[in-house]
């Protein structure tokens, strides 16, 4: 049984191109990264600019956000992400998504059709509660 983690990008970034796992610098992201890395499972970013991104992929800073996209643009983004995930889900029985609703809204249905279990442990939690949840998981 294998778990795959999906972590959303965040606005706060370094100024220079770097591995995706090092590009994002917010406290939330640092804790989310530490948590998913502590599990030993595979993980990817959900990037508003690039779609699905491997943590080691070098990317430049960008300002694109799903919050400023139209519904049509968000659907196209979700289709891109699902397409990029093709071939990465073999043997995966659980996907854990650490991302807000805009990142999940149009990918959940597709993921639930191909993976037995899709979890969203931070759903409904405010940012402070999310940070507390991540801190607890790191203990």
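Can you say whether residue 6 is outside any helix (DSSP H, G or I), in contact with a helix residue (DSSP H, G or I) (Cβ under 7 Å, 6 or more places away or on another chain) and either touching a residue at least 12 places away in the same chain (Cβ under 8 Å) or farther than 28 Å from residue 129 by Cβ (or both), as far as the supplied structure shows?
No; evaluated as a whole, the condition is false for this residue.
Read through the list (1) under 27 Å from residue 1 (Cβ atoms); (2) touching a helix residue (DSSP H, G or I) at 6+ places or on another chain (Cβ under 9 Å); (3) surrounded by 14 or more Cβ atoms within 10 Å (Cβ to Cβ); (4) touching a residue at least 60 places away in the same chain (Cβ under 8 Å), then give the number of the only condition that residue 34 fails.
Failed condition: (3).
So, of the residues in the range 22-31 that are surrounded by 15 or more Cβ atoms within 10 Å (Cβ to Cβ) and under 25 Å from residue 106 (Cβ atoms), which turns out to be modelled with the lowest pLDDT?
24
Return the residues of the range 101-121 that are within 21 Å of residue 34 (Cα to Cα) and in contact with a strand residue (DSSP E or B) (Cβ under 6 Å, 6 or more places away or on another chain); say none if nothing qualifies.
Matches in the range 101-121: 103, 118, 119, 120.
Which of the numbered conditions does residue 95 fail, given that it passes all the others? Conditions: (1) under 15 Å from residue 36 (Cβ atoms); (2) surrounded by 12 or more Cβ atoms within 10 Å (Cβ to Cβ); (3) free of Cβ contacts under 8 Å to residues at least 24 places away in the same chain.
Single failed check for residue 95: (3).
Take the conditions at pLDDT below 95 and either in a helix (DSSP H, G or I) or more than 17 Å from residue 97 (Cβ to Cβ) (or both) and apply them to residue 15. Does it pass?
yes
The values are calculated or read from the model by the stated rules, or taken from the named source; none is laboratory data. Note that the structure is predicted; figures quoted are calculated from it, not measured. Don't worry about glycine lacking a Cβ; one is built from the backbone with ideal geometry, like all the others, and counts go over all protein chains shown.
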